[in-house]
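Okay, structure first, notes after.
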Number of protein chains: 2
Amino acid sequence: MNESLRINPDAVKNDILRTADFGMIDTENGIGRTVLPGMPANGRARTYLVDQMIAAGIDVTVDVVGNITGRWTPPAADGTAAPVAAGSHLDSVPKGGIFDGPLGVYAALEAVRTIKDSPLSFNRPIEVVCFTGEEGTRFADGVLGSSVAAGELSVEDALDLSDGRVSLGTALAEAGFRGTGRLDASEWHAWIELHIEQGPYLEADDVDVGIVTGIVGFTWGAITMHGEADHSGPTPMHHRSDALVAAADVITAIRRIPNSLGRRTVGTTGYIDAKPNSINVIPEEVTFTWGFRDTDPAVIEAARERVLDEAELAAEREGVDVEYEDRMWADPVQFADACTEAVGNAADRLGYDSMRLFSGAGHDATHMADLMDTGMVFARSENGKSHNESEFTSWDDCYRAANTFANAAVDLATV
Amino acid sequence: MNESLRINPDAVKNDILRTADFGMIDTENGIGRTVLPGMPANGRARTYLVDQMIAAGIDVTVDVVGNITGRWTPPAADGTAAPVAAGSHLDSVPKGGIFDGPLGVYAALEAVRTIKDSPLSFNRPIEVVCFTGEEGTRFADGVLGSSVAAGELSVEDALDLSDGRVSLGTALAEAGFRGTGRLDASEWHAWIELHIEQGPYLEADDVDVGIVTGIVGFTWGAITMHGEADHSGPTPMHHRSDALVAAADVITAIRRIPNSLGRRTVGTTGYIDAKPNSINVIPEEVTFTWGFRDTDPAVIEAARERVLDEAELAAEREGVDVEYEDRMWADPVQFADACTEAVGNAADRLGYDSMRLFSGAGHDATHMADLMDTGMVFARSENGKSHNESEFTSWDDCYRAANTFANAAVDLATV
């Protein structure tokens, strides 16, 4: 077993802070950014990454949906061996944080820079990857580039995705990042990704790094209540078909349903739209979403069934019609033992406290896990916050997680 | 007492159907229209009214905020006597019905046309009035023109009201209905208005016409819940500050509060806005409205206090901050005995079943009641519907209500 590798913490910090400049937003506290795929800020963030890859002496490829790959083959390696791929994404949610995505991309790049300067030698090439559109805020619901790389979304369908004004293909071309060919993840030996936890568990247990054992599954959908628009004054309460009251009742149910299902089940309504949305008119039509996540698909399905039952009952109580639409289903993902062991061993060798946990959020790793050994490392998220300007991971936590990640990647590339 | 007057039902029907053409919308059932004040459809509806007034041989005046008045002085009358004013409005809510407003305007005009052709003689002039912007869907929250006529809103402030793009003054000038001078309602002897009930009570009791004894008061306001935007996956339920869950809890309370207050108390949330409104993000900020109406101001205040208490408690439960804003308060209005008696006597003489009831909606009559004897007649609303395409009053019900109204107006003009 090799001596543990240690990355340069200033290099990762510098890359993250430089990337934070692109799409930076005004905030009262913290640092935030809005970097939707194909937008100018995303183009600048990508250009900076490509410059750093070239400076590091690794070969850069951009595929037709904008996935960026930097490949480094160790001098003693077999250039035809299946590579270990590692990375994350550079896009953000609107008003998102600066660590979600960039930490994983630049930890991977810094791992290669560090390995290149070390006496380490192993067999497999390493590919540093930045996937297009992980967050799902434009063109698709998320993990766009990795879906194409995994062969689950065709290049044609991906390029035709629209934000309502332009297609992904056009937006990528305008940003200068519509390359050629398709990154084919099925050629990889393993995928390993460093990401912020986006949850409170590492901090709560005062643990340095997280060994991610899998990703929760989820169900997403929308419910529409169809009531009747009436004047809010002269219409007696018993004469109403109020779509918003029925919706509100179900939204409180979505808050309540996880209580009785699983210890870590979560349920959320993130979106609501009411029509005609006027102070003086009883709402006629209200659409809102459900989302439930858990490690157990049976729990997810139970939550989905319960919310549909609650919606039927609320609609009956308020005299409105209900319709629902399933939007997304993702089975829970279990990561490969080879990867969780590599991460756990790396943390142990480095002297870091670690714990095993599931990821509560989806990641590009979801699609990779279908094709190859896949693993993730979590860095601590202060207060568990993400997807807003309060998202924060201390530079020490970034360093510990990046070291764990780099050593796990070396392990995976050595076998 | 004179023999009862009977209007020409075809004339009122024709005027309402002609007016329905302006701003007509596509509907699946019924007939609907969108006629916001100052919009082209509103200009066309006004022009048609003015043409009918001129054809009827009455003198037309348009004031600076677009209130239209047609004055007719009976040959034997005292031209300096305070007139009886009667009318309603021609604007509608978006996708509103065709009776709300036009029935009152054209019943008043038809009353004058009928009286002119009759042997009736009385002392006071009659003014047929169309007030600007009763519905509150553009420039102001409602009863705009009557507020100016009552001296409760200054001409300058009214003309400066903006819809976010243009001022009322500019919009009226563009529509050709920014006249001169200010219609001064304090010079009137009485105000009488025919309107659809917009509620179910006349139909439920199978009564022909309604003798309106007053108008409920109301409180309107908005509550904003300030929570924290977080990723909907990895954030445990106990770590959330979900602004939408807190809001939904209060919206169900607004549905519930009237139960324990008054038999005809109503409570409504008509408007909701959530930020960032994304399926995958816990809502950070949600604003929604309350509205409560009752005949008793103490009940209205009790409802307002209860919803603020509920909002505080819901905010505490969900760990969010709450702020609230009072938007409008209207005391209940009691109409003059002279008017309710005139309406009741007219119905009796005509052989119509009538009942006394409060109006659940505000009307231009609200402001008139502060200045003079004021009364209203209600026509039946099928299923109590209004403010949408299902709004319907049979032509027979229009006829009975218009006859009652015309005879009551004659009574008031005779004293």
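The values are calculated or read from the model by the stated rules, or taken from the named source; none is laboratory data. Everything numeric in this text was worked out from a predicted model, so none of it was measured. Heads up, the Cβs are rebuilt from the backbone with ideal geometry, glycines too, and the neighbour counts pull from every protein chain shown. SASA here: full protein model, heavy atoms, side chains in, ligands and nucleic acids out. Shrake-Rupley method; radii C 1.70, N 1.55, O 1.52, S 1.80 Å.
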Filter the range B:205-258 down to residues that are of a type in the set (A, V, I, L, M, F, W, C), more than 30 Å from B:ARG327 (Cα to Cα) and without any contact (Cβ under 8 Å) to a residue 24 or more places away in the chain, then give me how many there are.
1
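Residue-wise test of (1) in a loop (DSSP other than H, G, I, E, B); (2) open to solvent by 40 Å² or more (accessible area, probe 1.4 Å).
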| site | (1), (2) |
| --- | --- |
| B:GLY233 | yes, no |
| B:SER241 | yes, no |
| B:ALA247 | no, no |
| B:THR252 | no, no |
| B:ASN259 | no, yes |
| B:GLY270 | yes, no |
| B:PHE292 | no, no |
| B:ARG306 | no, yes |
| B:GLU310 | no, yes |
Take the conditions in the same structural domain as A:PHE392 (by TED's automatic domain parsing), touching a residue at least 40 places away in the same chain (Cβ under 8 Å) and more than 30 Å from A:GLY169 (Cβ to Cβ) and apply them to A:GLY104. Does it pass?
no
So A:GLY351 clears everything in (1) within 16 Å of the chain's Cα centre (by Cα); (2) free of Cβ contacts under 8 Å to residues at least 24 places away in the same chain except one condition, right? Which one?
(1)
Please go through (1) in contact with a Phe, Trp or Tyr (Cβ under 7 Å, 6 or more places away or on another chain); (2) within 10 Å of chain A (Cβ to nearest Cβ) for B:LEU244 and return the number of the only condition it doesn't satisfy.
(1)
Whether any residue in the range A:391-400 is touching a strand residue (DSSP E or B) at 6+ places or on another chain (Cβ under 6 Å), open to solvent by 10 Å² or more (accessible area, probe 1.4 Å) and not in a helix (DSSP H, G or I) is what I want to check.
no
State which residue pairs qualify: first residue closer than 19 Å to A:GLY267 by Cβ and inside the range B:259-280, second residue open to solvent by 70 Å² or more (accessible area, probe 1.4 Å) and not in a loop (DSSP other than H, G, I, E, B) in any location, beta carbons under 9 Å apart, and separation of 6 or more residues or different chains.
B:ILE279/A:ARG327
Against the definition (open to solvent by 40 Å² or more (accessible area, probe 1.4 Å) and closer than 30 Å to A:THR137 by Cα), how does A:GLU316 come out, yes or no?
no
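Conditions tested, residue by residue: (1) more than 23 Å from A:ALA406 (Cβ to Cβ); (2) not in a strand (DSSP E or B); (3) not assigned by TED's automatic domain parsing to the domain that holds A:GLY104.
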{"site": "A:TYR324", "(1), (2), (3)": "yes, no, yes"}
{"site": "A:ALA338", "(1), (2), (3)": "no, yes, no"}
{"site": "A:GLY344", "(1), (2), (3)": "no, yes, no"}
{"site": "A:ALA347", "(1), (2), (3)": "no, yes, no"}
{"site": "A:TYR352", "(1), (2), (3)": "no, yes, no"}
{"site": "A:ARG356", "(1), (2), (3)": "no, no, no"}
{"site": "A:MET376", "(1), (2), (3)": "no, no, no"}
{"site": "A:ASN383", "(1), (2), (3)": "yes, yes, no"}
{"site": "A:GLU389", "(1), (2), (3)": "yes, yes, no"}
Restricted to the range A:140-161, and to residues that are in contact with a strand residue (DSSP E or B) (Cβ under 7 Å, 6 or more places away or on another chain) and not small (Gly, Ala, Ser), which residue is nearest to the other protein chains (Cβ to nearest Cβ)?
A:ASP141
Check every one of the strands (runs of 3 or more DSSP E) wholly within the range B:14-129 and list those with 3 or more residues that are touching a Phe, Trp or Tyr at 6+ places or on another chain (Cβ under 8 Å) and open to solvent by less than 30 Å² (accessible area, probe 1.4 Å).
B:84-89
Quick check on B:VAL343: is it touching a strand residue (DSSP E or B) at 6+ places or on another chain (Cβ under 9 Å) and either closer than 27 Å to B:PRO74 by Cβ or surrounded by fewer than 23 Cβ atoms within 10 Å (Cβ to Cβ) (or both)?
yes
Any residue at all in the range B:369-380 that's modelled with pLDDT under 95, open to solvent by 10 Å² or more (accessible area, probe 1.4 Å) and within 12 Å of chain A (Cβ to nearest Cβ)?
no
Give the number of residues within the range B:272-288 that are open to solvent by 30 Å² or more (accessible area, probe 1.4 Å) and more than 7 Å from chain A (Cβ to nearest Cβ).
4
Among the residues in the range A:405-413, are any touching a Phe, Trp or Tyr at 6+ places or on another chain (Cβ under 6 Å) and not in a helix (DSSP H, G or I)?
no
Subset of the range B:177-201 [of a type outside the set (Val, Ile, Thr) and within 11 Å of chain A (Cβ to nearest Cβ)]
B:HIS195, B:GLU197, B:GLN198, B:GLY199, B:PRO200, B:TYR201
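Residue-by-condition table, conditions (1) within 8 Å of chain B (Cβ to nearest Cβ); (2) closer than 21 Å to B:TRP220 by Cβ; (3) in contact with a Cys (Cβ under 6 Å, 6 or more places away or on another chain):
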{"site": "A:PRO234", "(1), (2), (3)": "yes, yes, no"}
{"site": "A:ARG255", "(1), (2), (3)": "yes, no, no"}
{"site": "A:ASP296", "(1), (2), (3)": "no, no, no"}
{"site": "A:GLU310", "(1), (2), (3)": "no, no, no"}
Return yes or no: is A:ARG264 open to solvent by 20 Å² or more (accessible area, probe 1.4 Å) and either closer than 21 Å to A:PHE335 by Cα or in a strand (DSSP E or B) (or both)?
yes
Please indicate, with yes or no, whether at least one residue in the range A:206-216 is crowded, with 24+ Cβ neighbours inside 10 Å, farther than 30 Å from A:CYS339 by Cβ and either more than 11 Å from every other protein chain (Cβ to nearest Cβ) or in contact with a strand residue (DSSP E or B) (Cβ under 6 Å, 6 or more places away or on another chain) (or both).
no
Enumeration of residues in the range A:222-231 that are open to solvent by less than 10 Å² (accessible area, probe 1.4 Å) and more than 9 Å from chain B (Cβ to nearest Cβ):
A:ILE223, A:MET225
Taking B:ALA361, is it assigned by TED's automatic domain parsing to the domain that holds B:LEU17, in a loop (DSSP other than H, G, I, E, B) and either open to solvent by less than 50 Å² (accessible area, probe 1.4 Å) or basic (Lys, Arg) (or both)?
yes
When restricted to B:ALA409, B:ALA336, the only residue open to solvent by less than 10 Å² (accessible area, probe 1.4 Å) and of a type in the set (A, V, I, L, M, F, W, C) is B:ALA409
